[in-house]
Amino acid sequence: MPSRPGPPLGVRLDSVARRVSRAFDEAMTQAGGSRSVWLVLLTVKTASEPATQRQLADRLQLRGATLTHHLAAMEDRGLVARVRSEEDRRTVRVTLTQDGEDLFGQLRLVAMRFDTALRRGLSDDETQALHGLLGRLERNVDP
């Protein structure tokens, strides 16, 4: 059996993921957002139609209460609007306001710069291989 250099893969992956996540959140915070604000804005912006809170929670893999907390703070900042469906009052749709659109544009530039910095020193083939490997690891943990 071949020996493994360093810590188990899961430990190393967790460590790298946390460091990258912290650095990304710091970059987003300096631009007036946060990692969680960016992810909500991105998910709402890229939805084919106004998404419901339940759809957003599923796409972001968040509990409903956690998403509600984020959306309330974002609504207070004027970034999103939540509108109850006229057909089913239990359904709440989320859309970006103009301020949300503006912040999305700013944070998108930060995300693109961060991605460029993260890829520094990696060839296109290495980046593609990394995407493939991460996909395989993800499938290995999904039942």
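No value in this document is a laboratory result; all are computed from the given coordinates. Just so it is clear, the structure is predicted and the values come from calculations on it, not from any experiment. For neighbour counting, all protein chains shown are included, and Cβ atoms are generated from backbone atoms with ideal geometry for every residue, glycine included.
Need the C-alpha centroid separation for segment 94-143 versus segment 1-76, integer Å.
When both Cα centres are located, 11 Å separates them.
Would you compute, from DSSP H runs of 4+ residues alone, the mean residue ellipticity of the chain at 222 nm, taking -39500 (n - 2.57) per run and dividing by the full residue count, rounded to the nearest 500?
Value at 222 nm, helices only, nearest 500: -21500 deg cm²/dmol.
In the chain, which whole DSSP H runs stretch at least 20 Å along their own axis (Cα) and average -1.0 or higher on the Kyte-Doolittle scale? Don't skip to the end; give the middle numbers.
On the way: long enough: 9-30 (31 Å, -0.20); 98-118 (30 Å, -0.05); 124-141 (26 Å, -0.75).
TM-like helix candidates: 9-30, 98-118, 124-141.
For residue 128 and residue 49, FRET efficiency with R0 = 35 Å and r from the beta-carbon atoms, rounded to 0.05? The partial results should precede the final answer.
Details: r = 32 Å, r/R0 = 0.90.
Computed FRET efficiency for residue 49 and residue 128: 0.65.
Need the full-extension length gain, residue 99 to residue 119, defined as separation in residues times 0.36 nm minus the C-alpha distance. One decimal, nm. All intermediate terms of the calculation are to be shown ahead of the outcome.
On the way: separation 20, 0.36 × 20 = 7.20 nm, distance 3.01 nm.
Fully extending the segment from residue 99 to residue 119 adds 4.2 nm.
Roughly speaking, what is the stretch gain from residue 23 to residue 112, that is 0.36 nm per residue apart minus the C-alpha to C-alpha distance, in nm to one decimal?
Numbers: separation 89, 0.36 × 89 = 32.04 nm, distance 1.37 nm.
That works out to 30.7 nm of additional length.
Report the calculated FRET efficiency for residue 89 and residue 16 (r = Cβ-Cβ distance, R0 = 35 Å), to the nearest 0.05. Provide the component values of the computation, followed by the final result.
Numbers: r = 45 Å, r/R0 = 1.27.
For R0 = 35 Å, the calculated efficiency reads 0.20.
Is the chain rounded, prolate or oblate when judged by the Cα gyration tensor, a ≥ b ≥ c being the square roots of its eigenvalues, rounded requiring a/c under 1.5 and prolate requiring a/b larger than b/c?
prolate
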